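A.B. asks: Below is the structure I would like to discuss, written out as structure tokens.
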Amino acid sequence: MSVWIARVVVLAASVVMIAIRAPHGQRSRNLEVTGDWKGKLEPVLLSVAMLGFFVPLVWLVSPAFSFAEYRLRPLPLAIGIALYAAGLRLFKRSHDDLGRNWSITLQIRAGHELVTDGVYRTVRHPMYSALFLYSLGQMLVLPNWFAGPSYLVTFGILFLLRVRREEAMMTSEFGEAYRAYMKRTRRLIPHVW
């Protein structure tokens with residue numbers, strides 16, 4: 001199977017992800033910060049995750065990772081495309097449901113509200129769920145042992161080192177309302193975890 005299919009899918013998924021996030025990022029930068037939980041680790045975590053996102057784009061335009069290529073297979077490709085699509089759909093829905101309450105980093109913005117409806121009804125972090133789906137899709141679509149799992153690894157590190165701090169921030173900001181929300185929801189997978 002020709003690797004050009006993987007290249008087209010990876011490029012399209014990357015462009016769609018950027019297109020989904022860009023307007024939310026612009027809006028977020030224009031809102032006053034009223035609570036900052038970033039800490040010194042946050043910029044490092046964001047940089048690591050961004051690096052993992054851009055490795056596949058390097059793979060698209062350069063032979064830098066050719067040492068790790070393997071043969072593209074139809075079944076992993078099809079499953080990967082489905083995971084990419086599901087991840088991007090959930091990613092968009094998560095941003096739309098959060099609206100002006102979204103921030104790329106651990107900050108509370110002026111007028112921040114606790115969102116508990118839409119995709120946030122059963123999962124506290126559906127955007128993280130979306131990024132894991134996206135990462136798994138990339139790993140299956142991109143036939144390279146290094147570039148394929150790059151975002152899964154780097155985003156996984158961000159998630160593991162950030163999620164408890166994010167939940168502490170939300171508990172600090174919303175108190176009992178967030179604790180009650182935590183009791184009736186799961187972190188990533190509805191009714192499971």
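The values are calculated or read from the model by the stated rules, or taken from the named source; none is laboratory data. As the structure is a computational prediction, the values presented were derived from the model and not from experiment. Ideal geometry is used to build each Cβ from the backbone, glycine not excepted, and the neighbour counts take in all protein chains shown. Ligands, DNA and RNA are stripped out before the accessible areas are found, and what is left, the full protein with its side chains, is counted by its heavy atoms. Shrake-Rupley method; radii C 1.70, N 1.55, O 1.52, S 1.80 Å.
A.B. asks: I'd like the carbon and sulfur percentage of the solvent accessible area for the chain, probe radius 1.4 Å, heavy atoms only, ligands and nucleic acids excluded.
C.D. replies: 66 percent
A.B. asks: Starting from the Cα of residue 2, move 7 Å in the Cα-to-Cβ direction to define the label point; list residues of the stretch 49-73 whose amide nitrogen is under 16 Å from there.
C.D. replies: Under 16 Å, as judged by backbone N against the label point of residue 2, lie 72-73 of the stretch 49-73.
A.B. asks: OK, next. Normalized C-alpha radius of gyration of the stretch 79-138, against 2.2 N^0.38 Å?
C.D. replies: The stretch 79-138 yields a ratio of 1.18.
A.B. asks: Once amide H atoms are placed 1.01 Å from N in the peptide plane, what residues at a sequence separation of 5 or more from residue 186, or on another chain, have their amide H within under 5 Å of its amide H?
C.D. replies: Long-range HN contacts for residue 186: 123, 124, 191.
A.B. asks: Related question: So, in Å, what gap is there between the alpha-carbon centers of the stretch 1-50 and the stretch 108-175?
C.D. replies: 11 Å
A.B. asks: Let me ask another. Just to check, using Stokes-Einstein with a Kirkwood Rh over alpha carbon pairs, what's the diffusion coefficient of the stretch 1-135 at 25 °C and 0.890 mPa s in µm²/s?
C.D. replies: Here the translational diffusion coefficient equals 147 µm²/s.
A.B. asks: I've got another one for you. Which value, in Å² rounded to 10, gives the accessible area of residue 73 with a 1.4 Å probe and all protein chains present?
C.D. replies: Accessible surface of residue 73 is approximately 120 Å².
A.B. asks: Further question: Which whole-number value in Å² is the accessible area per residue of the chain, probe 1.4 Å? Walk me through the numbers on the way to the answer.
C.D. replies: On the way: 9990 Å² over 193 residues.
For the chain, the per-residue accessible area is 52 Å².
A.B. asks: From the backbone phi of the stretch 135-143, what are the Karplus-calculated ³J(HN,Hα) couplings (6.51 cos²θ - 1.76 cosθ + 1.60, θ = phi - 60°) in whole Hz, Gly and Pro given as x?
C.D. replies: 4, 5, x, 4, 4, 7, 7, 8, x
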